[in-house]
Each structure stands twice: as C-alpha cells, then as structure tokens.
1. Has the range 112-128 got at least one residue that is outside any helix (DSSP H, G or I), of a type in the set (V, I, T) and without any contact (Cβ under 8 Å) to a residue 12 or more places away in the chain?
2. Just to check your reading of the model, which residue among R70, R44 is at pLDDT 95 or above and part of a helix (DSSP H, G or I)?
Amino acid sequence: MIDRELMDAISQLLDVKLANELGPIKYEIKSIKDEVREIKDEVREIKAEVKAGREDMKNLSHTVEGVEKRLKKVELTQENDIQQEIRQLFEGQRNTLEQFQSVHEINDRVKDIQNAVDVLKVLTVKKV
C-alpha cells in the first residue's frame, strides 16, 4: 500500500507540477491565438480594401473608356463638321471679298466715266 500511496503522491505532484508548467504555456498559446486572430482580421480588412481598390480601378477604367469615346466623337465632329463649316465660311468670305473688289472696279470705272463726262461738258460748253 505504501507503493500505491507513494505512486498517488508522485502522480499528484506530477499533476501539480504539470499544471504549474502548463498554465504559462496555455496563457502563451492563448496570447498567440489572439495575435493570430488580430492578424486574420487585419488581413480581411486589407483584402476588402484591395477588392474595393480593384472595383475603383474597374470603374475608373470604364470612365476613361467613355471619355476616350466621347473625345473621338468630338474630334470626328471637329474634323468633319466644324472644319468643313469653317472652310465654307472662308469660301463665303473670299466670295464676298471678290464681290467687293468687283464693286470697287466698277466704282473706279464710273469715276473715270464721270471725269470724262465732266471734261466733255467743259469742252462742249467752250465750243458753244
């Protein structure tokens, strides 16, 4: 029986010693688990931010594509419509200038004829 009591006492001492040594280890394991949990939470947040960033990039890409399409339309409109209208405007301006030139030439001829008539009046008045 002494052996049995001795064995029980040794067993209890080992349990106490084991409990004393396992207590800090359990605490460290709990601390490590808490840190791992925090890291996992931070990783989730980072993943969510990356996903949101990708969505923002995708939206920005669509916006840029839309702007590029509109820019091409504006450039085509400018090249085809506006430049043609500007050419027509300048052509009309050129025609107007040519007409003014023609009017000036006619005006000059009229002045020459008027001068000739004035000279003829003077000559005919002197002969009479």
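1. yes
2. R44
The values are calculated or read from the model by the stated rules, or taken from the named source; none is laboratory data. Note that the structure is predicted; figures quoted are calculated from it, not measured. Positions of Cβ are generated from backbone atoms using ideal geometry, with glycine treated the same way; all protein chains shown enter the neighbour counts.
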